[in-house]
Amino acid sequence: MDFIEKAVGAVFGTKHERDVKRMRPLVAAINALEPELEVLSDDDLRARFAVIRERTREAVVDLPEDTRERSKFVQKILDGELVETFALVREASKRTLGMRHFDVQLIGGIVLHEGRIAEMRTGEGKTLVATLPVSLNALTGRGVHVVTVNDYLARRDAEWMGQIYRFLGLTVGCIQNQMRDDERKEAYGSDVTYGTNNEFGFDYLRDNMKFTLDRMVQRGHVYTIVDEVDSILIDEARTPLIISGPSELSVDLYYQVDAIIPKLQRGEETEDKYGNKTITGDYLVDEKGQTASLTEQGMGRVEKLLGVENLWDPSQTEILHAVNQGLRAHSLFQLDRDYIIKDGEVIIVDEFTGRLMPGRRWSDGLHQAVEAKEKVKIQSENQTLATITLQNYFRMYDKLAGMTGTAETEEEEFEKIYGLNVAVIPTHMPMIRDDRPDVVYKTEKEKFRAAIEDIVECHQQGQPVLVGTVSIEKSERLSAMLQRRKVKHVVLNAKYHEREADIVAQAGRKGAVTIATNMAGRGTDIVLGGNPEGLARIDADPEADPEAYAAALAKHRERCVAEKQEVLDAGGLHILGTERHEARRIDNQLRGRSGRQGDPGSSRFYLSLEDDLMRIFASDWVRKMMDRLGMEEDIPIESRMVTKSVARAQKQVEARNFEIRKHLLEYDDVMNKQREAVYRLRRRILEGLEGRGYILRVVEDIVASLVDRFCPESVDPGDWETAALENEYRQFFGIAVAELEIDWDTINRPDLEEKLITSAKEHYQGRAERFGDEELERLERYLLLDTVDRQWKDHLLALDHLREGIGLRAYGQRNPLVEYKRESYELFEEMWERIEDHVVKFLFHAEPVEDLEQRRRQVRVQEYRPEMEALAASHAQQEQAANTPVGQSRPATVRRQQPKVGRNDPCPCGSGKKYKRCHGATTTVGS
Ligand code: ADP
Ligand code: MG
């Protein structure tokens, strides 16, 4: 085992070494430009950058459509500009920030430009590394995104690194949680945009709910660098981004409509012996087609009963739709045949098997109509309005890159899911941190006692300690113990990013004790001896009183230098882990906070046999160990062997977590194709590429399918169901077939089809003249979008239910994923058909508004903000989502599980149970 690991390590080692070696000539070329650039004035540097920029922009005017070809094409152009651009960025950094990119940082920059992951340890200066590929890729003017783990870091990095970009003449933007759309749009319009993965992802979803192109804030997904890439693309990727809202905005409408249905009269269509048709009653029911529709007379009655002026007015689509569904609910669906009522819920009875289908809902408002009819509560659960996994969001970029201190253990996942490979970049200075083997105690209590002793000892010697815990609860427990020992300390729990960054920045001061959960203070550098800027800011506000600040800074600088020496003498920063995390990566992150840039330091993990990881994943081993050693109280086992078995257990958990994420992705991939299709159609509509043409194509399809259905080739023309054909044709297009003067005795199928299509198109042309071409176009676009959005939303709800239900169907050896794929595809096809039917029916019936009063109303219609866009406009956020009452009409953007709750924290649902035993149980493995 040992041997194999070493052999594998050697291979990997050389692979990474070869990788780095390949880039050395580029580094040398960049360095060679330094003397030449150093002597230029600021303006000359800028001018030189501008020349490259001009050149690049011209080169990318005509880009290939195909993503892969486009990436290759652009990459080649940029490769040619790499050396000079990197040299210019470095020079700009020297002049603005006083930092000169180290050679290893140049290598990191090259790796990022290649669209890979640069593994660089904490403190290697990744923030600065990113400026190289960002500036290079910004040359095309197509926008570069930099992703950070929180808003504070986005702001900090955009401001900090912004000095370099601005020096070079590039613009920088930064997305913050509370921003309005116009501010977002401006930020996305910049050459470089910093922001969190959530903001980027949610903006994408919200953009695809917008009703005009100019309201969209993003302008494409070209190149992105993800900082702390493992956190974002692996840990956070467990939970998809979801914008949710009440599934039905107008529950009341269904009750209102339901109340008038009994007042309507069912009619019928009759034909006298001369072939003259008479339609009676308010509505007709087509049992075969499972549809019901209002007659002319019915329209008038409904308008009167509901107090609506014109049901065919585009702003009333929802009402007309609800009426149609109400008619179906009353005339076609029967209690105890098609459905039953159980505990106040409508449960569908499968028409073929007679089985109950709890959890399933009819789509398109029918279920609500039946609920209204039965006077039960209309279920208005919160539903998904838009969703995407981070995986699929980030796979949209032409080029994706990432950086982190800890990627290698997850190399396989990066490769398989994102096509990203990892380059391990050597450190600038040799790493000399002393990583001590784990110690294992029998009980957690003993473990904590020992940990406290270690902390107290370091503290007394003036050595700073960073204590890592897996949960806020554990942090607080340790804190209480330290208080009893009268040791001064601070506790962080990853809630207040900015304040915590300030605190963590001082965690390297002499004798400092800082307790933090894993995520707390990430991205903040711990400088031994303290951070003088931070300390000076406590004394004086640099903005308000720059002089006092300068004086304070000078004072603290001197002090920090002296203090640093003391801390170095005490052994540097000590890392004390109080439990092993499920993934080795997270432990490595904690360790990595010490020993940066060649500093001394040490680390040690304290474990107990009661820890989750040991109990669940190393239990066999633990039992053997206890038997063999007969462990005594307060005497730990300490050996490399322990560390190794723990790592083995961790590898197991990592593999299982990978499986879980893959599983999530497999399901999202099914929907992803559908989402892409819908978003593509939306975009084409918005761009004016689909509209009239699309509608006329749909008209042809509809006629063809009507002819197929009622006048099939296999049936003798004498037996064609012409009455049914006429009825449907009239419903779709508002045209009476009788007027077409068809000679049913002689006409053949192709001629019939042709005739029906031509007359529908002519009829539509007539409408264009009546409405005015422009007006009709506007109406087409509006209806298409509105219908697509409503139906897509409805489809998402159906998918939610389908996914819930499918888990229960794992019987019969059927693969749930295959079932899900098949059924969701069927649902999708049905949805698509509904969109087309709906739009055509409406456009062929909509009435132009004529008198003045109605015209006024029309203005309102034009300003009417479609439902989905109104939803999209809201920026309700995660925290809010957690306590959004059901039925509240503001949508919320959420992550499905609340990722910030530690497994051992009390569950946010208030049950009093631990999260992992309650709502967190689904993400827990092995229990
Ligand atoms: P990382 O993200 O890799 O952990 P940071 O980007 O936070 O590291 O940088 C750590 C510290 O190193 C920062 O204080 C930064 O100012 C400093 N630093 C980075 N690169 C250089 C450099 N080339 N020269 C001097 N200081 C640097
Ligand atoms: Mg960083």
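Only the coordinates and a few stated rules stand behind these numbers; no lab work does. The model shown is predicted, which means the values in this text are computed figures rather than measured ones. FYI the Cβ positions are ideal-geometry reconstructions off the backbone, even for glycines, and counts take in every protein chain you see.
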### Query
Contour minus end-to-end for I660 and R709, with contour as 0.36 nm per residue of separation and end-to-end as the Cα-Cα distance?
13.1 nm
### Summary
Label model pair I635, M396: point-to-point distance (7 angstrom along the Cα→beta-carbon line) in nm is 6.2
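Test of understanding: ordering D708, D716 by Cβ neighbours within 10 Å, fewest first, what list do you get?
On the way: D708 12, D716 6.
Result, fewest neighbours first: D716, D708.
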### Query
Helix 2-38 sits at what angle to the longest principal axis of the chain, using alpha carbons and giving 0 to 90 degrees rounded to 10?
90
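Determine the sum of side-chain charges near E654: Lys and Arg each +1, Asp and Glu each -1, restricted to other residues whose C-beta is under 14 angstrom from that of E654.
Working: positive: R238, K416, R580, R584, R585, R648, K651, R656, R661, K662; negative: D230, D235, E408, E410, E411, E412, E413, E582, D587, E659.
Combined, the nearby Lys, Arg, Asp and Glu give 0.
What ranking do K474, K416, K644 get, fewest neighbouring Cβ atoms within 10 angstrom at the top? Intermediate results must be reported in sequence, preceding the final value.
Working: K474 21, K416 11, K644 15.
Ordered by Cβ neighbours within 10 Å, fewest first: K416, K644, K474.
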### Query
Using unit Cβ charges (K, R positive; D, E negative) and no other charged atoms, how large, in debye to the nearest 20, is the dipole of the chain about its Cα centre?
4420
### Query
For the range 485-530, what does the alpha-carbon gyration tensor say about shape, rounded, prolate or oblate, given a ≥ b ≥ c as the root eigenvalues, a/c under 1.5 as rounded, and a/b over b/c as prolate?
oblate
### Query
Could you give me the ³J(HN,Hα) list for the range 413-419, computed from phi with Karplus coefficients 6.51, -1.76, 1.60 and θ = phi - 60°, whole Hz, x at Gly and Pro?
5, 4, 5, 6, 8, 10, x
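Tell me the net charge near E563. Cut-off is 13 Å between Cβ atoms, E563 excluded, with +1 for each Lys or Arg and -1 for each Asp or Glu.
Net charge in that neighbourhood comes out at +3.
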### Query
What angle, in degrees between 0 and 90 and rounded to the nearest 10, separates the Cα long axis of helix 546-569 from the longest principal axis of the Cα atoms of the chain?
60
### Task
Pull out the extension gain between V61 and R449, defined as 0.36 nm times the separation in residues minus the alpha carbon to alpha carbon distance; nm, one decimal.
133.0 nm
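Around L482, with a cut-off of 13 angstrom between Cβ atoms, what is the net charge of the other residues, counting Lys and Arg +1 and Asp and Glu -1?
Cβ neighbours under 13 Å give a net charge of +3.
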### Summary
Checked against the positive end of the charge dipole of the range 639-785 (+1 on Cβ of Lys and Arg, -1 on Cβ of Asp and Glu, about the Cα centre), the farthest of L783, L756, A647 is A647
### Query
For the chain, rounded, prolate or oblate, judged on the Cα gyration tensor with a ≥ b ≥ c (square roots of eigenvalues), a/c < 1.5 rounded, else prolate if a/b > b/c?
prolate
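Going by the alpha-carbon gyration tensor, a ≥ b ≥ c the square roots of its eigenvalues, is the range 641-724 rounded (a/c under 1.5) or, if a/c is not under 1.5, prolate (a/b greater than b/c) versus oblate?
Numbers: a/c = 9.60, a/b = 2.58, b/c = 3.72.
The shape class here is oblate.
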### Query
For the residues F733, F73, F771, what sequence is obtained by ranking on other C-beta atoms within 10 Å, fewest first?
F73, F771, F733
### Task
Can you tell me the order of 688-701, 444-457 when each peptide is scored by its average per-residue count of other Cβ atoms within 10 angstrom, highest first?
444-457, 688-701
### Nearest 10 degrees, 0 to 90: helix 197-207 Cα axis against the chain principal axis
20
### Query
Using θ = phi - 60° and the Karplus form 6.51 cos²θ - 1.76 cosθ + 1.60, what ³J(HN,Hα) does each residue of the range 701-717 get, whole Hz, x for Gly and Pro?
4, 5, 4, 4, 6, 5, 5, 4, 6, 9, 10, x, 4, 6, 9, 4, x
#### Entry: Efficiency of FRET from Cβ geometry, R337 and T746, R₀ 45 Å, rounded to 0.05
0.55
### Query
In nanometres, what is the gap between the two model label sites at A647 and E351, each 7 Å from Cα along Cα-to-Cβ?
6.2
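Output the antiparallel fraction of DSSP beta bridges having both residues in the chain, as a percent to the nearest 5. Working shown, then result.
Numbers: 26 of 73 bridges.
If we restrict to bridges inside the chain, about 35 percent are antiparallel.
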### Task
Compute the label zone of E159 within the range 544-588: residues whose backbone N is under 13 Å from the point 7 Å along Cα-to-Cβ.
544
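Quickly rank 161-169, 462-470 as a protection proxy: mean count of other C-beta atoms within 10 Å, highest first.
Values: 161-169: 20.3, 462-470: 24.6.
Result, highest mean first: 462-470, 161-169.
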